[in-house]
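Worksheet for the structure shown next.
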Amino acid sequence: MPNSNSKISLATRPADEPSAVKARSSVRRVIRVAFVSTTLICVWLTVRFPYEVESGIEHLLDGPNRVNPQTLHLHGEFVESNLGSVEEQGGVTVRMIAEQYLFVPQCVVVPTGVPINLRMTSADVVHQLTITGTTNELKVVPGYIVETRLQFERAGEYQMPCHEFCGPGHYTMRSRLIAVPPEQFRELSREARMSCAKQ
Ligand code: CUA
């Protein structure tokens, strides 16, 4: 015997307007199309720009100061073309990589009297960059971007040896920094700032 209550409720439920049904199904279609296109775009991006997608995900998961030491040369802030000194945000930024047993670049030119933001990371083990004649030092740890502020009032050449025992080649690990007056710095090409080559 069927339930009379349910019969009543069914009978009294207002029939859906055809326009409401149409609207609902078109909303569903839009959602489906959006979902499928987003998925397709994500798949395409991953195939077309694998390194960019990977570094974007790393950035989201690890925060802005983490880097993958294995892919430094492939993408991101520490690709070769980005190393050395560049004028940025009213000062100068120097980017270097520490690796067994050298600092890359091997020599950087910076201007005197200007704040310098030194950003570094390691491709392998822990190193420590020091600048002779100053109290500046920077521990460079693989997987992280470390940063320090420098300023050179005196023009000249500074040695930058590694001060953390990082393997048998540790004692040969050093780089040079040459501070020049700002007008001279401005005239140097990007390559000259990275290699300390005379112009
Ligand atoms: Cu690098 Cu010691």
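Bear in mind that the values in this text are calculations on the coordinates, not laboratory data. Only a predicted model underlies this, so the values are computations on that prediction, with no experimental measurement involved. As a convention, Cβ positions derive from the backbone with ideal geometry for all residues, glycine included, and neighbour counts pool all protein chains shown.
Checked against (1) in contact with a Leu (Cβ under 8 Å, 6 or more places away or on another chain); (2) within 16 Å of the ligand (Cβ to nearest atom), His170 passes all but a single condition, namely (1).
Restricting attention to region 96-121, the residues that are within 15 Å of the ligand (Cβ to nearest atom) and over 15 Å from Gly84 (Cβ atoms) total 3. Could you go through region 98-105 and let me know if any residue there is outside any loop (DSSP other than H, G, I, E, B) and within 20 Å of Ala179 (Cβ to Cβ). Yes, there is a match, as at least one residue in region 98-105 is outside any loop (DSSP other than H, G, I, E, B) and within 20 Å of Ala179 (Cβ to Cβ).
Rundown of residues vs (1) of a type outside the set (A, V, I, L, M); (2) over 24 Å from the mean Cα position of the chain (by Cα), yes/no style:
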position: Leu83; (1), (2): no, no
position: Gln100; (1), (2): yes, no
position: Val104; (1), (2): no, no
position: Thr134; (1), (2): yes, yes
position: Arg149; (1), (2): yes, no
position: Tyr171; (1), (2): yes, yes
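For region 122-167, the set of residues classified as within 16 Å of the ligand (Cβ to nearest atom), under 20 Å from Val79 (Cα atoms) and assigned to a strand (DSSP E or B) consists of Ser122, His127, Leu129, Val140, Pro142, Tyr144, Val146, listed by residue number.
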